[in-house]
Amino acid sequence: MKRPIVFSLFRDQSVFMTAVMGLMTFLAVVALGIAMAIGGGVVRWNRQWNNFATIQAAGDDAARAVQKKLDENKDKIESVRVVSNDEMVDMMRPWISGAGRGALEKYLPKMFEVEFKDQEAVAAVRETIRDGARFITHSDALRPSVNAGWKMIAILGFLAALMIGAIGMCVSFVARNTALLHRRELEILNQVGASDSFVVRQMQMVITKICVVACGGGFLAALPVLGAVIGVAHSARVGLMAMLGIGAVGWGVLIMMPILIVIFAIVITKKTTLKILNCEQ
């Protein structure tokens, strides 16, 4: 049997809208999920290193003074480790080699890695470290990495907002085209006394079905992608990447996101349809 030449524009628009909204929902959930994963990593990273510090003492006299201050503040300290010259030389290996290594050892400072009990202890001991020594908290040393993480969060959050805005534009466009396509039916409904709210509800039912299918599909497709991203990050085992993760609150926000998109689409459909009906009148 031959197919009819006349095709349903509304059906084609529904398929198109479902595909576009599904893709936008997928991208929005992935972007927001990665942003929250990085945010969680940054928070865990800061919490891990906030109570750690390195003290560099230039010369034996300064090193003895630092050791004395640390002994006086044992009640504020969890642990102290003296970094050996060999360890420091290994750290500098990419920049110094050969004959320069022996010369370097003569100028290496004495380094103490200290874990404090809390932030108040960090501040108190920092005040006692004076001449000939440098007090550096690990969180301050790693601040550029943390700032880069926050910038990535802002960029991904902005992308998620753009995706949601694109979804709103798609809903408005399809709702307007559908209403114009069925203008005669709308005129007949007006003539028989149908209220604007009745017409709006019919439009909302159509858009809601499309949005539920699209948002549900996009959300389910995004879950394995987020799992893969977090799994790859954790495989690093060390560093900021290994801290990435989404907590219970984050997953709750992600679950609510497609629901909020459906509600947003329903509101946009109502406003668009009422605007068209008012223009017709």
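List of remarks:
- For segment 44-60, residues that are within 28 Å of the chain's Cα centre (by Cα) and either assigned to a helix (DSSP H, G or I) or hydroxyl-bearing (Ser, Thr, Tyr) (or both) total 6.
- Test: residue 118 is modelled with pLDDT of 75 or more and either of a type in the set (Ser, Thr, Tyr) or exposed (fewer than 13 other Cβ atoms within 10 Å of the Cβ) (or both): yes
- In a residue-by-residue description of segment 61-70, the property of being within 39 Å of the chain's Cα centre (by Cα), crowded, with 16+ Cβ neighbours inside 10 Å, assigned to a helix (DSSP H, G or I) and not assigned by TED's automatic domain parsing to the domain that holds residue 253 applies to no position.
- Any chance residue 240 is of a type in the set (A, V, I, L, M), modelled with pLDDT of 80 or more and assigned by TED's automatic domain parsing to the domain that holds residue 31: no
- The set of residues from segment 110-122 being more than 31 Å from the chain's Cα centre (by Cα) and farther than 12 Å from residue 74 by Cα comprises 110, 111, 112, 113.
- Qualifying residue in segment 164-171 (condition: at pLDDT 70 or above, over 27 Å from residue 38 (Cβ atoms) and surrounded by 14 or more Cβ atoms within 10 Å (Cβ to Cβ)): yes
- Criterion (touching a strand residue (DSSP E or B) at 6+ places or on another chain (Cβ under 6 Å) and at pLDDT below 80) met by exactly one of 182, 138: 138
- Output for segment 124-150, where each listed residue is under 31 Å from the mean Cα position of the chain (by Cα) and loosely packed, with under 15 Cβ neighbours inside 10 Å: 136, 140, 141, 143, 144, 145, 147, 148, 150
- Of all residues in segment 133-140, none are over 13 Å from residue 54 (Cα atoms) and either part of a helix (DSSP H, G or I) or not assigned by TED's automatic domain parsing to the domain that holds residue 43 (or both).
The values are calculated or read from the model by the stated rules, or taken from the named source; none is laboratory data. The shown structure was predicted, so the numbers you read here are calculated from the model rather than taken from an experiment. Cβ coordinates were reconstructed from backbone atoms using ideal geometry, including for glycine residues, and neighbour counts include every protein chain displayed.
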